Every structure is written in C-alpha cells, then in structure tokens.
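Everything on this sheet refers to the single structure shown next.
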2 protein chains.
Amino acid sequence: MAQLLSDQRDQEFLLFEIFNIESFSDTGKFCDFNNKTCKMILKEARKLAVEELVPANKEADVNNGHPEGVNFINGEIKVPKSYHGPYENFCSGGWISMCDEEEWGGQKMPQLLAAACFELFMGSNPSFFNYPALTHGAGAIVKEFGSNLQKEKYLKNMFSGKWAGTMCLTEAQAGSDVGAIDTKAFKNPDGTYSIEGNKIFISGADSDLVENVIHPVLARTESAPSGTSGISLFLVPKYRLDENGKTTNIKNDVEITGIEEKLGMHGNVTCSVSFGSRNKCTGELVGEENKGMKYMFLMMNEARQGAALQALGISSASYANAVNYAKERIQGPQIIDAFKENPVKVPIIQHPDVRRELLTMKSLIDGNRFLTYYLKWCTDKANISKDNTQKEKLKNIIEFLTPVSKAYTTFKGIDITASGIKVFGGYGFIEEYPQSQFYRDVRISSIYEGTNGIQAMDLLGRKLGMKKGKPLLDLINEIQKSVEKAENSGLKNISEKLSKLLSKTGESAASIGKTASGENILDAFGSASVFLESVGDLCMAWAHAEKASTAAGKIESSGKKDKTFYQGVLKTAEFYYDVIVPESLGRSDSLKKITKTVMSMPEAGFASK
Amino acid sequence: MAQLLSDQRDQEFLLFEIFNIESFSDTGKFCDFNNKTCKMILKEARKLAVEELVPANKEADVNNGHPEGVNFINGEIKVPKSYHGPYENFCSGGWISMCDEEEWGGQKMPQLLAAACFELFMGSNPSFFNYPALTHGAGAIVKEFGSNLQKEKYLKNMFSGKWAGTMCLTEAQAGSDVGAIDTKAFKNPDGTYSIEGNKIFISGADSDLVENVIHPVLARTESAPSGTSGISLFLVPKYRLDENGKTTNIKNDVEITGIEEKLGMHGNVTCSVSFGSRNKCTGELVGEENKGMKYMFLMMNEARQGAALQALGISSASYANAVNYAKERIQGPQIIDAFKENPVKVPIIQHPDVRRELLTMKSLIDGNRFLTYYLKWCTDKANISKDNTQKEKLKNIIEFLTPVSKAYTTFKGIDITASGIKVFGGYGFIEEYPQSQFYRDVRISSIYEGTNGIQAMDLLGRKLGMKKGKPLLDLINEIQKSVEKAENSGLKNISEKLSKLLSKTGESAASIGKTASGENILDAFGSASVFLESVGDLCMAWAHAEKASTAAGKIESSGKKDKTFYQGVLKTAEFYYDVIVPESLGRSDSLKKITKTVMSMPEAGFASK
C-alpha cells in the first residue's frame, strides 16, 4: 500500500529528463537545486505523504461529522484528530512555503519541484492539504500586495502554519458572478474598516490546528462602484491582534454559522461565515480600495493550477490503487484459455479490457502531469530568464494554458476515478476500499477556483484573442517543434497525427475566434467548452509525443529497469495515438462550423411542464 | 419539485408517436392497452413516484446506518422507515408484476409501458425500487423454470410483495468469474438439498418489509463438473415453509453476516450472507441439476435492461433538477450585456455554456430512452408476432443490443449526473441538494448485472458473430430505413451523417470481428469496450434521426405546446449531429486498425515500483 500515489519514475522522468530541472541551478536563483537535492526533497515529500497523510485520509472521510471527523462545536471547528500530528510535521518541514523567500521562512524551490510535491500531498490527502494550501494562497496575497507592516504582522505566522488563511469570496447570490458580492466595509477613523456580510462555501474557515485564522475578505466600501471594479480586499483575523502583532484572546466578531455536508473532501471543513453580525468585525485594507479583484486574480492562476494538481494527484492515487488491485485480483482464465480443461486463472491485469482501462487512465494522467508541470516549468523559466522576449512568450503561454489545464485535468479526473472504480468491480462501490473516496473527492476540483465553464469562457473570451492571438501562436510553435522531434525520433505515426491535430486545432481556433468577434458571439460561447476540451486534447497528444521522443532516444542504451519504463512510455503514447487521438480529431471537426443549436433551442424545449 | 423526473412528454412521444403502443392492442394479448389506458397507467406510476417515492429517497440516503436508515440489528435488517408506507401502496397497486399473467396477480402490460413506469420508479428512488425489482426477477425464475408446486408455493407471495426475492451469485472469489463459485449443495433423502457457503454483495438479502425472503442461490452439487456447467439453482427461504406453503417461524440457517457501507444506494441494503453455517440450511432445486446458469441467464437480459433503465431514470432526474435550477438561479448578465451599465442579470439557462451542458445531457438521455424502449418494443412485438422470421429478427436484435444498452446507458449515466453537479456549481457538491446523490447512486448500474467490461466481451465474443452476423445486419437494415426517413423528411444533414456513421460502424465491426476470429484475438478484446461504445454512439444518432423525422412531419400542423416540444426534439437532434456525432465518427475511425498496444504493453510498464 505504501507507494500507491503518483508514479515516482514518471515524476522523475519529467523533472530530470524532459524539463531538465538542474539547468535552473545554473542561475543564482535556484543554485541550490541540483538533481540530487531535488530527488532528496521529492523523496521527503513522498515519505511524508505515504507515512503520515495517507493514513489520515480515510479516517477523516469516514468519520465526517462524527467524533473523530470534522466537528462544529460551540461555534468552533475541530478538524479530524488524525490531522494534528501530520500538520505539525508538515509545518516544521517548511512545506507550506516551498517556493517563497527565506526571509518569510520559505525554501526558494523551483515551482516545478514544488508541483511534484504538491501532487503527492494532494494525492495522499486532499482534505488535509487544502488547509496549508489555502493558508499559502492567502499569505501570497499579503506578500504581493500587503504593506511592509502587514507582511511583518501576518506573513511569517502564516507561512510557518501557526496561523491559517482562507479565501472569502462567495456569497449566496454571488458564485460565478463574483461582481454581485454584497459584503460591506465601512472606514473607521483609525484607518481600519468595519466589515459586515455573510460568506458561504469558505474552506478551512476555522480549525483547531492553528492559533488564529486570517480571512482575506472581498467587500465593498461605501462609495464603491457596482460590479467587480468596486471590490476591495480586507484582512480579517478571527482573534484581534495586539500592537505587537500577537494574537489576543479577543474575538473579532467572525462567526461560523454552519458547515456543509459534502459529496467528498470530508476532512476539509466548508463553512458559512458571518462577519460583523454584532458590528464588531474589524479588518485592514490590502493595497488600495476597489482593486481587490486584481489582487485576488493574481493568486487565482496559482489556485487554478493548484486545482489541476489536486485532480492529478487524486487521479494518480486512483490509478496506482487500480494497477495494484489488478495485479492481485485473480479472476477467470485468459480468453484464449477459456475453453481448456481446468484453465489457469490469472490476475485481471492480464485481461484485455482491464489493460485498456488502465492504459486509458495512465495516458490521461501522464498527459496531464506533463501539462501541469509544463506550466510550472514556464513559470520558473520566466522567473530566471534575462531575455524579455522569452519571458513575455512564456507568460503568454501560461496565461493561455492555465484555464485549459484547470478545466481539462479536473474534468478528466472524473473519468479517471470512475475508471478506478471500474477496475475494482463491485469492490469499487464499497467505502471500505479506496476508489469511492477518490471519485467523491476529485469532483470538487472542477467546481472551485472558477468552474470549468468559467475557464472555457476565460479561454475564449480573454486568452484566445489577447495580444492578437500571440499566445496561441507561441504554443503552436512549441508543439510544432515536438512534431519534428517525433519525426526525427522515428515516430512517424505520432508525428503525422500530431501535425494533423495541431492544424485542425488551429483551424478550430480561427473558426471559433471569428465567430466570437462577430454578431454570433453567443454561439461561439456555446462551444467554448468544446474548444477548451479540444485544446486539452492537443496538449495530451503533445505530451505523449514529447515523452515518447525522449524515451525513444534513450531506450537502446538503458538498463533493464529503465528500458521497461521507456517501453511503457512508448506504448502509452502509441495507445493514445491509436485509440484516443482519432476521437480528438473528430471533436476538433465539430468546431469547423460553430453550431447554432445551443442558442436557438427554445427554453421551453429543454423540459416539458 | 413535483415533476423533477423523466420528461413526461418525451415518454409519451416515444410510446404513442414513435413506437405506437396502441397498435399492440389489436392483438388479443394486449387488447386492454389502448392509448387512454396506457396514459392513465403512466400517470398513476408518476403519481406514486412523485408523491411517495421521491420524498423517501433523500432520507434513506442521508441516514445510511442511522436510526432512520438501513439498520443491521440482531442479525436482521431494518430498511428505512420511510419505505414502509410506499411499499404497501406499491404492492397493492400491483406494480411488482406489471407484465405477468393474471393468475399470478400480474397486470399483463406490454413491456414497453412497464419500462416507462420502471424508469420513473428508478428515477424517484432506486434504492427503494430495487427491493421489488429483485423480488420480481427472482419470481420470474420460478415462473419460467419452477415446478407447478414451486409456482403455487412461491409465486403469488412474491409477485404480491408479501415475500421478497434476491439473487445470490457472487462470492468473494467469484465476481465476474461466476464459474468459480464454491457454495455446496448436498442432496437429502427427501429430495431437498442442504446448502453450505458464503455469498457477498447480496442486495436486499433481508428486510422488515416482508414476511419471508426467498433466495435463489447458485451452488454446486457433489458430483458437479467445474466451471459454469456445474452450477445448479436452489430456492432457499429465510424461514421454512410448512406443508401448505405457509411461512413458519423456524429459521432456515440463513445468516446475514454483515452489511456494506457504499458510495450510493444507501437505502438498499447490501449483505454478506452465510448459508448453512450450522448445517441446517435447506433448499429446493429449480429445474435440473447443473442448469443453474442457463436459468439465471434467461433473467439476466431483463436485469441488464433494468440496469439501463435505472441509469436512465436517475440521469433523467438529474437533468430535470438541473433544468429547474438553471431556470431559477440568477447569476450575472448575458455576455453581450456584460459591459453595459447595470446590466440585467439572467437565469443561468440563458448562459451559452449552461445551455450546451443541458443539451448534452438531454441528447444523451433522450437517445438512451429511445434505445431502452426500443428493446422493450422488440420484446412486445416478438411476443405478439405470428411471423416467425420477424420474431427471429426481433430476438436477434434484442440479443445484440442488450449489452450495448446496459453498458452505454449506465456509462453515460456517470457523465450525465456529473453534468448535473456542474449545472448546480458549488451547490452540486453539497449533500443538501439532490445532484450528489444521483451521481453516487448511478455509479452501481455499470457494475452490477455483469460489469460493462463483461458486456463488451459479450457483444464481441457472443453477439457479433452469432448466426453469421445476422443480428448486426438486421440492425443495420433498421437504421438504414431511418436514414431514408430522415432524407425524406428534409433532414439532409442528419441523413448524410447517419449514413456515414452507419457505414463506418459496419466497417469497424468487420475489422474487429475479423481480428477476434484470428490469432490476434486478445487485441480484439482489448478494443471491445471501444467497439461497444461506437455501437452505442450509432444508436444515439439513430434515435435522434428517428425522433427528428417524426417531429418534422408533425410540427406544421401542431398546436403551440406541441410545436415547442417538436422544436426541442429537432434542435436536440441537430445539436447531437453538430457537436457529438463528429466525435463518434472519430471513435469509429480508431477501430479501423485494431491497436496492438493494449496487449503489448509490458506489465511492469503500467507502474514503476
């Protein structure tokens, strides 16, 4: 059971052989991170995940609402008891602020390395890891936009895990329509603000893991314009701080009014929070008034990539468990032996349909791992690059691919974990076995941090047309290089199909982009999700081409164990191109002419009275 | 909330306008079932579903394992309290034996009509309905293969719901490999058998709804050959019967040893059952020794079509709730108004991406409703036909399409209910709202009654090649008629694409069939699920062509309400052909050349150690 998380060799393949993380260490910024150090850190992350987070995962799921699970007692939240030990070790290991500066207690890792650790933490216990991950997200806002005083007060305590952080956006009437938020902020004579309003769906809004909880709250000042341009961001602590920035025992009129029973993520509490119901809630403005959305959005890219990593981690754990089960579960003989006398019964991994299911899962997981890591590679590369053109290009690609990665990886996570259940047969439906929890937990990732529908609108409405389409062109150029690489590696089937898919996706983009800028704009948005999926399909094909080309170049000269791994990479790529790419080509075809049916369907035609 | 089940008008469209159920009433067998009677019965079924079953659905789900949910106390099962009232009405309404002969308390309905009722019961409360549905399945075995004495003893009590029935196949080592079962049957001098063995995953193995439970148990006699040809079928009551066939209070050594906590279907108990642990379990043989699998298999087609109807009913409920929510939930302005001053905010059903999601759900549900009803229409038609060639042809099509319908409808049920969550946004993940339960409940239907992998093997290994491929040819001929009908109805886009998909599917069938009969048979089985999916895709396209052709012929002359409905049918069909058929064409392409990667992937390549 110990290693039933993301495939270690594939993580290393990406970090060390595809993305060459050691090359970052040539620059001053990441000089400490040679391959050896990176491997050691990855190993430590896996150890923590396997030894501490996995064991606490199931208990918190099963005991939802029960004595050992999340409890809501006297207005306060008790997280699962099994989380306390791991949380202490998580914090003392410095895992909250992996990539941040040393002055705030950070480890200064490349994002690429941190992503691999993030994937392991999410795969082992997403409910647990969401507590520190949100704390980091909230801290990142302070680091980026807070005053020096605010940084001093909040940052070290948050990045060390002594205090927690949240994200307080959603209100009952304001979900995807974040501009509709109604929480008010009234300026006080001392420069602080009084906050009044009710938030819902607040993850980790309270916990007994920490001394204090800092809520970044989106709210409107009295003179604010309507919509998103009138939103400001405030830091609202659960307990007031004294003049030295220490937590006092004076409550700040932040009340947990309820917790949700959810499909999954049972160990991570989701709260309704009332701010200022007794007119005693005080917060500090971050940056300037009315710029709250801009501040939130800067961290949103990180959160969206985080959602993709969450789905990737959970999908990987589902797959690892499925492979393990398929190797152990004996059921029936091989088909070709079925009519023999007393045929030998075999582990189900030898049955063709189970192999196909596993290959489908693996090809999607490996493709999505490439995509999510690639975005982190771009981030690091842009971070250290001294070439402004390259920096710009990398940032463009990140902007373009972030909604794709978020929506595609989380959406495929549903399919992959459903397959995980399939491989387990009847046992997949039983809560005693792990697959059911993966299937339930993964479902949130396509909803939060902007639903997948919002991602599709972002891709079509903002990213496709930005800078006259340059981000997509930059991406196409990168993929074109992989076409050539595959051809040079003797992978003709792959290079030809990737080239075909690439040009079809280019045509789809032109077709939907043109429709979006004309009078039929609504038709275009009616196909936005299909377009996003077809860009995601292209990225998967690209990933397998890149991986297969690298594997093909190394397989001859490698030892037995590596050879098997590279064979696996090549077979997975061939499978993807044989079985799944034809579907992707078809999906892309559907965008040649943007359907008008989505908007012309009469509303009363959806359902009869 | 009252009507949030399968679309009533679409059910009526299929029954009365597409499949013309009244034509059955020309024959003596179904002479009572004119349109008026059928409508009245459908209305009664919906009333029962809406008023009694829906309210009991949530309570049983939430209180799983709690005082009001399923309880396992002193070796006996207490079903949810809320089930008792509805069960009484369900039984007294005669809904258990809708299609059976009057002598056994049946209603003699056409299967087609019963399917529509079945869909409503499954959509409103699948956990509840599984109790009587299983009872009927067990009773059907007795009716078909039992002795006259067995029929007298068991049948009326089961079909009236006084006693329950189960299906006892699975053992820990024998899931899909049913030939591996190990339960023993020892013949006693009086002709009865002593049963000894342990079964798992037994749905409804005990309940306080009934006076007695009759278990059809698969077991081996002492001299039985190994594998499936050595399996016999026994009737094993929970309480012994006296010489008059009445239930006594003497227990029959059938012990419930545990119940499962499951992903969904919380109101339907899943038990481990021990037979004869004190050597006191007695059963009666049904029919002849060693023919148990044959008996079980005859009812298996019904059970498989039942699983499809379950997924259809749940998917329909998920969709109806999604449409309802989308009409009520206000969120943000239309995209084209987004930059106006104070834009009007609209219900999300006006947002393009939500409309696309709903149309995707609807097109799959409506297509699957056509497919499942079509199989029932074939059954009724074969039942009343006096033309042996037609009878044969209809039976062939039923054989061929049953695994397709079972696997495709249940598989798509996962996608559809995942979409139901999507439309609800964050509320979809919260158990207080209905979508989460649909998503959890529907997952079982692709596992039980033969996993979807088993269905794919059945389609490729048994059905495709049977009678020299005649079943598929018969189906192709039927679909060809729809191509012509669509063309004659002026639906050129549809007729052309359906024709293309039909010929591609024919080619795929030839390709995979040829591979399956050669030395690369394992490769063929590695693509069996893809083949099944592509046949299912074809059936969906066929369904929309048939429905659109009929709607097109009626739209001009119809009143306002019907016109809107027919417009909806036409738009849904066009959407399906614009957006989804291109993908299906691609999937079919992937079968032109059967991939060899599934079998050549090295086992160690699936996951690194």
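The values are calculated or read from the model by the stated rules, or taken from the named source; none is laboratory data. None of the values given here were measured: they were computed from a predicted structure. Here the Cβ positions follow ideal geometry from the backbone for every residue, glycine too, while neighbour counts run over all protein chains shown.
Which one of the conditions (1) touching a helix residue (DSSP H, G or I) at 6+ places or on another chain (Cβ under 8 Å); (2) within 10 Å of chain A (Cβ to nearest Cβ) does B:A338 fail to meet, given that it meets all the rest?
All conditions pass for B:A338, except number (1).
Quick one: B:A320 ticks every box in (1) outside any helix (DSSP H, G or I); (2) within 13 Å of chain A (Cβ to nearest Cβ) except a single one, so which number is it?
All conditions pass for B:A320, except number (1).
Would you mind stating whether B:L285 is assigned by TED's automatic domain parsing to the domain that holds B:H215, touching a residue at least 40 places away in the same chain (Cβ under 8 Å), in contact with a Gly (Cβ under 9 Å, 6 or more places away or on another chain) and under 20 Å from B:A140 (Cα atoms)? Give the steps one after another, and end with the answer.
Details: assigned by TED's automatic domain parsing to the domain that holds B:H215: yes; touching a residue at least 40 places away in the same chain (Cβ under 8 Å): yes; in contact with a Gly (Cβ under 9 Å, 6 or more places away or on another chain): yes; under 20 Å from B:A140 (Cα atoms): yes.
So B:L285 fits the description; yes.
Applying the selection to region A:199-248, what residues are in contact with a helix residue (DSSP H, G or I) (Cβ under 7 Å, 6 or more places away or on another chain), within 23 Å of B:P333 (Cβ to Cβ) and either in a strand (DSSP E or B) or modelled with pLDDT under 95 (or both)?
Passing the criteria: A:F201, A:L218, A:R220, A:G227, A:T228, A:S232.
When you look at B:A114, is it in contact with a strand residue (DSSP E or B) (Cβ under 7 Å, 6 or more places away or on another chain), crowded, with 19+ Cβ neighbours inside 10 Å, more than 23 Å from B:R443 (Cα to Cα) and modelled with pLDDT of 95 or more, yes or no?
Numbers: in contact with a strand residue (DSSP E or B) (Cβ under 7 Å, 6 or more places away or on another chain): no; crowded, with 19+ Cβ neighbours inside 10 Å: yes; more than 23 Å from B:R443 (Cα to Cα): yes; modelled with pLDDT of 95 or more: yes.
When the stated conditions are applied, B:A114 does not pass them.
Just checking, which of B:G332, B:G287 is surrounded by fewer than 24 Cβ atoms within 10 Å (Cβ to Cβ) and within 9 Å of chain A (Cβ to nearest Cβ)?
Details: B:G287 fails: within 9 Å of chain A (Cβ to nearest Cβ).
It is B:G332.
If I filter region B:352-365 for residues that are away from chain A (no Cβ under 11 Å) and either over 30 Å from A:I454 (Cα atoms) or within 19 Å of the chain's Cα centre (by Cα) (or both), do I get at least one hit? First the steps, then the outcome.
Narrowing region B:352-365 to residues away from chain A (no Cβ under 11 Å): B:364.
When the remaining residues are screened for being either over 30 Å from A:I454 (Cα atoms) or within 19 Å of the chain's Cα centre (by Cα) (or both), the result is B:364.
Within region B:352-365, one or more residues are away from chain A (no Cβ under 11 Å) and either over 30 Å from A:I454 (Cα atoms) or within 19 Å of the chain's Cα centre (by Cα) (or both).
In the list B:G267, B:G276, B:G245, which residue meets the criterion of being more than 29 Å from the chain's Cα centre (by Cα), more than 14 Å from chain A (Cβ to nearest Cβ) and crowded, with 24+ Cβ neighbours inside 10 Å? Let's see the steps before the verdict.
On the way: B:G267 fails: more than 29 Å from the chain's Cα centre (by Cα); B:G245 fails: crowded, with 24+ Cβ neighbours inside 10 Å.
Answer to the selection: B:G276.
Among B:S97, B:S92, which is the only one that is among the small types (G, A, S) and either buried (at least 22 other Cβ atoms within 10 Å of the Cβ) or not assigned by TED's automatic domain parsing to the domain that holds B:T27 (or both)?
B:S97
Return the residue satisfying two criteria in turn: it lies in region B:545-582 and is farther than 24 Å from B:P352 by Cβ and hydroxyl-bearing (S, T, Y), and of such residues it is nearest to the other protein chains (Cβ to nearest Cβ).
Taking the candidates together, the pick is B:S558.
Hey, among the residues in region A:451-466 that are more than 14 Å from A:V535 (Cα to Cα) and not in a helix (DSSP H, G or I), which one's nearest to the other protein chains (Cβ to nearest Cβ)?
Top of the filtered list is A:T451.
Give the residue, chosen from B:Y448, B:Y408, that is within 15 Å of the chain's Cα centre (by Cα), more than 13 Å from chain A (Cβ to nearest Cβ) and not hydrophobic (A, V, I, L, M, F, W, C).
Working: B:Y448 fails: more than 13 Å from chain A (Cβ to nearest Cβ).
The conditions single out B:Y408.
I need a count of the residues in region B:180-198 that are outside any strand (DSSP E or B) and surrounded by fewer than 19 Cβ atoms within 10 Å (Cβ to Cβ).
Applying the first criterion (outside any strand (DSSP E or B)) to region B:180-198 yields B:180-183, B:188-192.
Next, only the ones that are surrounded by fewer than 19 Cβ atoms within 10 Å (Cβ to Cβ) stay: B:180, B:182, B:188-192.
Summing the residues that are outside any strand (DSSP E or B) and surrounded by fewer than 19 Cβ atoms within 10 Å (Cβ to Cβ) in region B:180-198 gives 7.
Please note which helices (runs of 4 or more DSSP H) are completely contained in region B:1-118 and include at least 2 residues that are among the hydroxyl-bearing types (S, T, Y). Outline the logic, then answer.
Numbers: elements: B:8-12, B:35-48, B:54-62, B:84-92.
Qualifying helices (runs of 4 or more DSSP H): B:84-92.
So, of the residues in region B:40-61 that are modelled with pLDDT under 95 and surrounded by fewer than 19 Cβ atoms within 10 Å (Cβ to Cβ), which turns out to be nearest to B:N89 (Cα to Cα)?
B:P55
Give the residue that is surrounded by the most Cβ atoms within 10 Å (Cβ to Cβ), with candidates limited to residues of region A:585-609 that are more than 7 Å from every other protein chain (Cβ to nearest Cβ) and in contact (Cβ under 8 Å) with a residue 24 or more places away in the chain. Break it down stepwise before answering.
Taking region A:585-609 as the starting set, the residues that turn out to be more than 7 Å from every other protein chain (Cβ to nearest Cβ) are A:588, A:591-594, A:596, A:609.
Right, trim to in contact (Cβ under 8 Å) with a residue 24 or more places away in the chain and you get A:588, A:591-594, A:596.
Values: A:S588: 30, A:L591: 26, A:K592: 13, A:K593: 11, A:I594: 23, A:K596: 17.
Per the stated criteria, the residue is A:S588.
Check region A:423-439 and report whether any residue there is within 26 Å of B:G413 (Cβ to Cβ), out of contact with any strand residue (DSSP E or B) (no Cβ under 7 Å at 6 or more places or on another chain) and modelled with pLDDT under 95.
yes
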